[in-house]
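Have a look at the structure below before the remarks.
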Amino acid sequence: MNEQHKYRATDKMSDLICDNYSLLMMMSRFGLSLGFGDKTVREVCEAQGVDCRTFLAVANFIGEEQCSYDETAGEEVSVTALMNYLKQAHTYFLDFNLPAIRRKLLEALDCSESEGVVFLILKFYDEYVKEVRRHMEYENQAVFTYVEGLLQGRPDDGYDIATFASKHNQIEAKLKELKNILIKYYPEKENNHLLNAVLFDIFNCEQDLASHCAVEDNLFVPAVARIERGLKS
Ligand SMILES: [Fe+2]
Ligand SMILES: [Fe+2]
């Protein structure tokens, strides 16, 4: 790992989390559990069977200014570890976070009074979740299956990671729209605590999805492309 990066293998794992709490979610996607006392990043990863260099590459990518990340980013990552991480993130979004936001939306919106707006908001949200599901299932099924083949030395003549990268679109834009509908048009109520809480969740989810896609574009795609080049030569 490049010395100039923010987080190192010898840092205490607890310091990383206190420095940037969004790394908490990243940890659980790597399958790391809490309760590691004063252990370093390397010690925690080794004890829990996680590839430390891949963990650090993602932590640094998320923790640093992503646009300043250099071309050689993720040169040391394990594609298997990164793919498992991405799969766990998909499960988190589809099976936990997006359904939780929907439940909170239902709770926050006044279904008795402004039926029309509430119906439209929920419909918009459900359509959005369907779109995210399509995006992530395509990655789980088509892309990861292709990469697993590559890892076993079986390239596929009809597909490459550049094809995926060229069609890989941002999925958080519509969430921004939903947020704007709620902020600009939802009729004002006496107590907005629930609505504010769900808006916070949507802001977080938007950021989390953007960073997920950036990890795919900037760490995963280049790492897979290196394997493709290796197999060709
Ligand atoms: Fe993804
Ligand atoms: Fe994606």
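Of note:
- Looking only at segment 83-101, residues that are away from ligand 2 (no atom under 13 Å from the Cβ), hydrophobic (A, V, I, L, M, F, W, C) and in contact (Cβ under 8 Å) with a residue 40 or more places away in the chain come to 3 in all.
- Comparison of Glu177, Glu206 shows that the only residue that is under 20 Å from the mean Cα position of the chain (by Cα) and surrounded by 12 or more Cβ atoms within 10 Å (Cβ to Cβ) is Glu206.
- Beta carbons closer than 9 Å, at least 6 apart along the sequence or on distinct chains, pair a first residue in segment 34-45 that is within 11 Å of Ala9 (Cβ to Cβ) with a second that is small (Gly, Ala, Ser) and in a helix (DSSP H, G or I) for Val41/Ala59.
- Criterion applied to Val224, Val132 was being surrounded by 18 or more Cβ atoms within 10 Å (Cβ to Cβ), within 11 Å of ligand 2 (Cβ to nearest atom) and of a type outside the set (Gly, Ala, Ser), and the one residue passing it is Val132.
- Subset of segment 219-233 (residues that are within 23 Å of Leu56 (Cβ to Cβ) and touching a residue at least 40 places away in the same chain (Cβ under 8 Å)): Leu219, Phe220, Val221, Pro222, Ala223, Val224, Ala225, Arg226, Ile227
- Residue ranges of helices (runs of 4 or more DSSP H) in segment 140-216 with at least 3 members away from ligand 1 (no atom under 16 Å from the Cβ) and at pLDDT 90 or above: 144-151, 193-215
The values are calculated or read from the model by the stated rules, or taken from the named source; none is laboratory data. Note that this is a predicted model, so its numbers are computed, not measured. Reconstructed Cβ throughout: ideal geometry from the backbone, glycine too, with neighbour counts over all protein chains shown.
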